[in-house]
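Notes for the one structure printed next.
The values are calculated or read from the model by the stated rules, or taken from the named source; none is laboratory data. Remember, it's a predicted structure, so these values are computed and weren't measured experimentally. For neighbour counting, all protein chains shown are included, and Cβ atoms are generated from backbone atoms with ideal geometry for every residue, glycine included.
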Amino acid sequence: MNEVNFSDIMKDKIIIPKNMLSGNESIPELIRLLIDEDVTTEGIIYSASKFFNIEEDIIKSKTRVRVVVDARHITMWLIHNTRDITLKGLGVFFGGRDHSTIVHALDKVKSFIEPNGCYEKDVKKLIISILKDYNYDNIQA
């Protein structure tokens, strides 16, 4: 299984001209665009809420309804990989969860976003949705 190594995208800046986006970019390429656009944590949660059609406070809540848990975990993973926030800070942001809960969520999403994984398409679509919310030009979904 090929593992996506997100630390590599921090070392080597991936440059994609705005007018060259095809909608087929890899998750690491799209993550780099989010980092470059300096999307805020609040912006990510807002866009995720719209994308998953779940209210922000519900995503942050302690509910264990599967669809909400999946949305929460994906949102946590995305924030963790694009913002400079500690596991403790991420736990506080998501309703006072401890760092082991955050680690579990991040590991779960990481294992499911492998190419052709069950979260890959949703994560790509969510990132593109966030970029559109931030007026990133010429994105085709």
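So here's what we get for this one:
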| item | result |
| --- | --- |
| Failed item in (1) outside any loop (DSSP other than H, G, I, E, B); (2) surrounded by 16 or more Cβ atoms within 10 Å (Cβ to Cβ), with residue 117 passing the rest | (1) |
| Residues of the stretch 108-122 that turn out to be among the polar types (S, T, N, Q) and farther than 17 Å from residue 25 by Cα, as a count | 1 |
| Enumerated helices (runs of 4 or more DSSP H) restricted to the stretch 30-85, each holding at least 1 residues that are without any contact (Cβ under 8 Å) to a residue 40 or more places away in the chain and over 15 Å from residue 126 (Cα atoms) | 56-60, 66-82 |
| Selected residue [surrounded by 18 or more Cβ atoms within 10 Å (Cβ to Cβ) and of a type outside the set (Ser, Thr, Tyr)] from 65, 69, 109 | 109 |
| Among (1) surrounded by 14 or more Cβ atoms within 10 Å (Cβ to Cβ); (2) under 14 Å from the mean Cα position of the chain (by Cα); (3) within 19 Å of residue 103 (Cβ to Cβ) - the single one residue 84 does not satisfy | (1) |
| Verdict on residue 95 being at positive phi and of a type in the set (Gly, Ala, Ser) | yes |
| Hits in the stretch 120-133 (condition: touching a Ser or Thr at 6+ places or on another chain (Cβ under 8 Å) and surrounded by fewer than 19 Cβ atoms within 10 Å (Cβ to Cβ)) | 129, 133 |
| Residue within the stretch 91-98 that is touching a residue at least 12 places away in the same chain (Cβ under 8 Å), over 20 Å from residue 50 (Cβ atoms) and assigned to a helix (DSSP H, G or I) present | no |
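Residue by residue, here is whether (1) in contact with an Asp or Glu (Cβ under 7 Å, 6 or more places away or on another chain); (2) at pLDDT 50 or above; (3) within 26 Å of residue 94 (Cα to Cα) holds:
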site: 2; (1), (2), (3): yes, no, no
site: 13; (1), (2), (3): no, no, no
site: 16; (1), (2), (3): yes, yes, no
site: 25; (1), (2), (3): no, yes, no
site: 30; (1), (2), (3): no, yes, yes
